[in-house]
Amino acid sequence: MKIAFVILHYENIQDTENCVFSILNLYHEKIKLKIFLVDNNSPNNSGYILKSKYEKDDSIEVIPLNENLGFSKANNIGYQKAKEWGADIILVSNNDILIEDKNFMSKLLDIFESNKNNYAIIAPDIINAKKFHQNPLRNDAFTLKKSYKNLIYNSILLFFMKIPIVNNIVFKLEKKRNEKWFENYYAQQKNDKISDIVPHGAFLIFFPAWIVNEEIAFPSNTFMYLEEDFLKKYCDRLKYKIIYIPELKVKHLEGRSVSAISKKELIKYQFKLKNVTISLKKYIKFLKEKR
């Protein structure tokens, strides 16, 4: 049994090394394991540091990219490498994920043996630093109406974020609103298997029902954001089954507390709004083309 991990790296070398270490600790006698580490053209040259660190380890292949391709395209390169290697299962992971359950592989193999032809994508219980359970991301993907509504809302936010002082107020209000929404939705773990959901993109498990037929993991061409909605709609059309399985658990370091609002945070938020807006436009086009 060949199992491959695809890890997308960008700048934060400590998180990536910790992620790799947690995976390498998942030894199982029935599994041949390989990690495909994709460096998304980190400007701090950390990708080349990782390449040097792991060059003598046959179970790790570091793939340095010549440009930052964003989330979908960079992960798809790693997925293609894993597929060429002949992986039976491909796990696509953020670099700030830790797998602390020593029985993770045994549980995964049990699920695989009984459902390898039924399930296309597995969404595990992703627990972040605030103890929120991030799966399912949502019960269903954005509709066309919801997408237009969010596009207008984001465009208004982008406008106000360009105004000094006002941008600080807007950011604080939005941060508080988002935190409240996350607390209401993610605070409680879903204890039962749930199918037909939008999975969180921080950690996805692809089974043969997907791998055999699909050349890429993410059918979106966005730089960042809404990849999960594109994926859900694509699965709906081709009758692929996505299922949330709470027995599989991973830790997501996202959600670690940040104190005061800095200029860097504001820039990062503006970057997010800009890319979400671009992604929404592409997603709306995607929905309209397939109607």
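The values are calculated or read from the model by the stated rules, or taken from the named source; none is laboratory data. Predicted model only: the values in this text are computed from it and were never measured. So basically every Cβ, Gly included, is an ideal-geometry build from the backbone, and we count neighbours across all protein chains shown. Each accessible area value is taken on the protein alone, full model and side chains, heavy atoms only, with ligands, DNA and RNA left out. Shrake-Rupley method; radii C 1.70, N 1.55, O 1.52, S 1.80 Å.
Is there a residue being of a type outside the set (D, E, K, R), within 19 Å of the chain's Cα centre (by Cα), under 30 Å from Ile165 (Cβ atoms) and surrounded by fewer than 17 Cβ atoms within 10 Å (Cβ to Cβ) anywhere in the range 231-254? No, because not a single residue in the range 231-254 is of a type outside the set (D, E, K, R), within 19 Å of the chain's Cα centre (by Cα), under 30 Å from Ile165 (Cβ atoms) and surrounded by fewer than 17 Cβ atoms within 10 Å (Cβ to Cβ).
Of all residues in the range 40-49, those that are over 21 Å from the mean Cα position of the chain (by Cα) and either modelled with pLDDT of 95 or more or not in a loop (DSSP other than H, G, I, E, B) (or both) total 2.
Checked against the criterion of being without any contact (Cβ under 8 Å) to a residue 12 or more places away in the chain, farther than 23 Å from Glu227 by Cβ and open to solvent by 60 Å² or more (accessible area, probe 1.4 Å), the range 11-24 contains one or more residues that satisfy it. Is it fair to say Asn118 is touching a Lys or Arg at 6+ places or on another chain (Cβ under 8 Å) and polar (S, T, N, Q)? Yes, satisfied. Scanning the range 132-139 for residues that are modelled with pLDDT under 90, exposed (fewer than 13 other Cβ atoms within 10 Å of the Cβ), within 15 Å of Pro246 (Cβ to Cβ) and out of contact with any Lys or Arg (no Cβ under 8 Å at 6 or more places or on another chain) turns up nothing. One residue stands out in the range 1-10 among those that are touching a Lys or Arg at 6+ places or on another chain (Cβ under 7 Å) and part of a strand (DSSP E or B): the one that is least open to solvent (accessible area, probe 1.4 Å), namely Ala4.
Out of curiosity, is Ile152 in contact with a helix residue (DSSP H, G or I) (Cβ under 9 Å, 6 or more places away or on another chain), exposed (fewer than 13 other Cβ atoms within 10 Å of the Cβ), assigned to a helix (DSSP H, G or I) and at pLDDT 90 or above? Criteria not met by Ile152. The number of residues in the range 99-116 that are open to solvent by 70 Å² or more (accessible area, probe 1.4 Å) and small (Gly, Ala, Ser) comes to 1.
Residues Lys162, Lys145: which one is open to solvent by 90 Å² or more (accessible area, probe 1.4 Å), out of contact with any strand residue (DSSP E or B) (no Cβ under 9 Å at 6 or more places or on another chain) and modelled with pLDDT of 90 or more? From the options Lys162, Lys145, the qualifying one is Lys145. The condition of being surrounded by fewer than 19 Cβ atoms within 10 Å (Cβ to Cβ), in contact (Cβ under 8 Å) with a residue 60 or more places away in the chain and either among the aromatic types (Phe, Trp, Tyr) or more than 21 Å from Asp125 (Cβ to Cβ) (or both) holds for only one of Gly78, Gly86, that being Gly86.
In the set Val258, Val250, Val212, only one residue is out of contact with any Phe, Trp or Tyr (no Cβ under 9 Å at 6 or more places or on another chain), of a type outside the set (D, E, K, R), over 20 Å from Asp140 (Cβ atoms) and modelled with pLDDT of 95 or more; that residue is Val212. With the requirement that a residue be open to solvent by 20 Å² or more (accessible area, probe 1.4 Å), touching a residue at least 60 places away in the same chain (Cβ under 8 Å) and more than 18 Å from Ser72 (Cα to Cα), what does the range 193-222 give you? Pro208, Ala209, listed by residue number. Within the range 32-75, the set of residues being more than 25 Å from Phe230 (Cβ to Cβ), open to solvent by less than 60 Å² (accessible area, probe 1.4 Å) and of a type in the set (Val, Ile, Thr) comprises Ile35, Ile60, Val62. Highlighted here are the strands (runs of 3 or more DSSP E) found entirely within the range 54-130 that include at least 3 residues which are over 15 Å from the mean Cα position of the chain (by Cα): 60-64.
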